[in-house]
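Here's the structure we're looking at; comments come further down.
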Amino acid sequence: MKHGHKEFHIAPMLDVSTIEFRYFMRLLTKRAILWTEMVVAETLVHRSVHHSVEDEDIQLDLELIRHCGWFDERDHYDCSGRDPAVVPTLTADEFVDPHPIVCQIGTNDPWQAAFATRVAKSCGYDRIDLNAECPSDRVAGREFGAALMRDHDTAAQVVRSMVDASGSREQKPIPVSVKTRIGVDDFDSFEHLADFIQCLVHAGCRRFVIHARKVYTQGLMSPAQNRTVPPLNYPWVYRLMEHFPQCDFWLNGGIMNLEHARNIAFGQSPEISVVCSDKENATSFHDKHSVPCKNCNMPYGSCIAPPPINLSNLRGVMVGRLARDNPSALADVDRYFYGEASNPCKNRRELLEKYILFIEKVYPRRGCDDDKIISSRMVMDMQQKIIHNSPHCDVCREFSSEVTAIIDQEPTIEKKSQSEFTKINFNCSHLADQKHGRRRKRRFLKNQGAKIVSGIIDSAIQPTLGILFGQRGNSQFRRELHRLSRDMTVRNCGAGYILKKAMACVPPEVWDRPFALNESIVNYIPSK
């Protein structure tokens with residue numbers, strides 16, 4: 001028997017949910033719904049030369065797309081007006097579809113929210129979400145994020161503007177949701193939470209992602225503490241679903257593994273499916289589980305028990321730190337949660353080899369070219385094509401057999417060695433004609449001739465840091481990544497080389513070992 005459609009979401013995380021992280025996750029799962037980092041709507045307004053919310057078609061430029069967090073290998077060049085000859089090309093087998101994907105925005109200004117909604121829709125996002133839970137001083141201190149839970153009227157106005165800007169039914173409107181907590185500071189009663197959701201329902205929102213913790217703002221707790229110290233209260237989320245059977249909900253917070261996620265989404269008795277739990281089951285469940293919960297035996301009295309039955313308006317679950325710290329735990333999402341026949345990657349080696357191919361395309365090595373421009377963005381954002389004079393330099397020669405035509409190659413001119421690009425007395429006079437030329441020259445000399453900024457290296461390797469979580473060689477792999485990422489003699493070989501080099505420090509059988517699968521699906525067959 002097939003049940004209602006359930007979804008598995010990977011949460012928006014500041015400085016984590018980057019383009020590189022989302023691509024890495026998409027290699028692991030084709031079905032999970034990915035989220036961007038929170039996009040500040042005010043930033044999109046200031047970065048845009050097109051400030052009219054009334055016009056149907058927002059004119060996208062490269063800066064607007066980049067600040068909106070959008071990346072699609074099929075149409076990125078068309079949207080940005082770039083010449084395809086300047087950037088690497090992709091075959092059908094290499095293309096990774098970014099969808100389904102959600103853009104989360106942060107703002108307390110209805111006009112800015114409407115503009116950001118139009119931009120997200122024009123980029124191609126599948127949904128848009130309003131952040132009403134972030135406790136960071138940079139966010140809540142500007143009266144948006146978690147601060148919206150204290151100001152119901154402003155939150156409703158922002159949501160209404162997003163719904164209106166999402167398009168009419170004839171235009172296939174982009175769905176709008178709100179991600180929030182179960183309480184904020186002293187506003188932590190269930191009645192306050194229900195009133196907040198009711199205001200947003202009146203404003204036109206029917207989709208809610210509930211992080212089952214309250215949140216402390218005004219510096220009472222750090223963002224990290226706000227993710228662990230306030231107790232999780234799943235029973236409140238289930239009660240909320242009973243109060244609003246016309247709305248769809250997704251539960252976030254404290255999900256430990258795929259089995260836990262599936263039990264929450266489909267219920268402990270998935271053969272029973274109702275809009276809200278019947279009185280007998282609800283009474284029995286609430287008698288056993290409440291906060292502080294003695295049955296769950298979790299820190300701070302958290303209650304993370306799955307519902308006793310399949311709640312139809314519980315549309316799915318969301319995980320965050322699990323994906324960041326132990327991405328291999330999600331390698332079985334497509335098969336175990338969605339019921340697909342197989343998963344995209346069989347082992348860690350296959351996953352990393354595909355990811356390295358992507359990294360070498362968007363962040364090409366710089367030790368084999370005469371171009372002196374510093375790589376600080378993806379190659380498609382650069383103004384001129386990188387032309388390699390040789391297939392490899394002296395440093396990355398060991399991987400020369402693996403070098404592919406990542407960028408269209410020109411005929412070999414003269415073989416360059418890495419050492420030629422790491423001399424302190426490199427002639428940087430050409431930088432004087434560039435914008436901020438003196439600053440670029442000082443940075444070039446300070447970095448010993450490195451032509452790739454450290455931010456690129458860090459962004460590229462960050463998604464892979466947890467790939468060996470709980471496996472032999474994990475510490476050695478992470479130490480080698482850190483060492484190589486700070487080694488200026490290999491910097492110009494790029495992040496792809498650094499990942500390959502660090503992989504060589506781990507026994508091959510670790511990379512070739514198949515991903516661990518959850519138990520076979522016996523009791524139910526999830527719908528697709």
10 Å beta-carbon shell around Ala120, net charge (K/R +1, D/E -1): +1
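With every protein chain kept in place and ligands, DNA and RNA left out, what is the accessible area per residue of segment 180-268? Probe 1.4 Å, answer in Å². Please list the in-between numbers first.
Values: 3170 Å² over 89 residues.
Result: 36 Å² per residue.
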Calculated over segment 304-374: convex hull of Cα atoms, volume per residue (Å³): 169 Å³
Value of relative contact order over segment 96-187, rounded to a whole percent, pairs C-alpha under 8 Å and six or more apart: 34 percent
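I'm a student and want to see the number: the projected area of the Cα convex hull of segment 123-222, averaged over all directions, in nm². All intermediate terms of the calculation are to be shown ahead of the outcome.
Working: hull surface 26.6 nm².
Its Cα hull, projected and averaged over all orientations, spans 6.6 nm².
Between Trp111 and Ala194, how high is the FRET efficiency from 1/(1 + (r/R0)^6) when r is the Cβ-Cβ distance and R₀ = 25 Å? Nearest 0.05. It would help to have the intermediate numbers written out before the result.
Working: r = 29 Å, r/R0 = 1.15.
FRET efficiency, Trp111 to Ala194: 0.30.
Compute the length gained on full extension between Leu465 and Ile373: take 0.36 nm times their separation in residues and subtract their Cα-Cα distance, giving the result in nm to one decimal.
30.2 nm
The values are calculated or read from the model by the stated rules, or taken from the named source; none is laboratory data. Only a predicted model underlies this, so the values are computations on that prediction, with no experimental measurement involved. Cβ atoms come from the backbone with ideal geometry, glycine included; neighbour counts cover every protein chain shown. Ligands, DNA and RNA are stripped out before the accessible areas are found, and what is left, the full protein with its side chains, is counted by its heavy atoms. Shrake-Rupley method; radii C 1.70, N 1.55, O 1.52, S 1.80 Å.
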